[in-house]
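Undergrad: Take this structure, written in C-alpha cells, and hold onto it; I'll ask about it next.
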Amino acid sequence: MQITRTADYGVRVLTHLAMLPPGTRLTAEELATQNHASVSFVAKILQRLVASRLVISRRGFEGGFSLGRDPRSVSVLDIITALDGPLCLNECLPGGPGCEEGTACSARDVWARAQAALARVLAAETLDRLAASSRQRYTPPAPAIESPEAALDPRPVDVT
C-alpha cells in the first residue's frame, strides 16, 4: 500500500495551517508555494478538505483557507479518509468492493489485522503533534547579504 500524493500533500497543507496562529488564513496560491505544489493541485485538495470541514474557506479581500477544527482533534486518519475515502488495504475488507473468496480466503485475516494496525497508527497521530514536530525542524532561511561590509553600511542604497 502507498499513501496517495493527494493525501501526502493534504497532510502537508494542514500541518502548515496548524503551525500558524489560530484563525490565520492563507490563499491556495500561498499554500501551494509553501508546499512546492501547483496551485490547481492544492486547490483540489482544499476543496475536499472544505467539504469534510477540516478547512474553512472565506471569500473576499481578506479571504483564504484556515483550519476548521482544533488541530488536537484532527488525526492523520481523518485527513486521509477525507481525501481518499475509507482506508482499505484489500478489496475483501470493509471499504472495498468485496471479492469472490469472501471469508474463505486464508489471507483475509492477515489483511484485516494489517489494516487495523495501520488505522490505529494513523488515528493516534494528530495534526497538533505534526505541527509541533515541524516547528522544531524548521529553520528560517538566512537573509541574503551581499558582503559583510554592505551589511554594516548605514547609508541608504540607491536602487534607481
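Just so you know, all these numbers are worked out from the coordinates, no wet-lab data involved. These numbers come from a predicted model, not from an experiment. Neighbour counts run over all protein chains shown; Cβ positions are idealised from the backbone, glycine included.
Undergrad: Figure the gain on full extension for Arg69 and Leu20 (residue separation times 0.36 nm, minus the Cα-Cα span) and round it to one decimal in nm.
TA: Computed gain between Arg69 and Leu20 is 16.3 nm.
Undergrad: Follow-up. Tally Lys/Arg at +1 and Asp/Glu at -1 over every other residue whose Cβ is under 13 Å from the Cβ of Thr6; what's the total?
TA: +2
Undergrad: Ok, one more. Phe41 to Ala123: extension gain in nm, 0.36 nm per residue of separation minus the Cα-Cα distance?
TA: 27.0 nm
Undergrad: Could I have the simple spin-label model distance between Arg59 and Thr33, label points 7 Å from Cα toward Cβ, reported in nm to one decimal?
TA: Between Arg59 and Thr33, the label points sit 2.4 nm apart.
Undergrad: Using θ = phi - 60° and the Karplus curve 6.51 cos²θ - 1.76 cosθ + 1.60, what whole-Hz ³J(HN,Hα) does each residue of segment 110-120 get, with Gly and Pro shown as x?
TA: Each residue's phi maps through the Karplus curve to give 5, 4, 5, 5, 5, 5, 5, 5, 4, 4, 4 Hz.
Undergrad: Tell me, what HN-Hα J-couplings in whole Hz come from the Karplus equation 6.51 cos²θ - 1.76 cosθ + 1.60 at θ = phi - 60° for each residue of segment 85-93, using x for Gly and Pro?
TA: These are the phi-based 3J(HN,Hα) values: x, x, 4, 8, 6, 8, 5, 7, 8 Hz.
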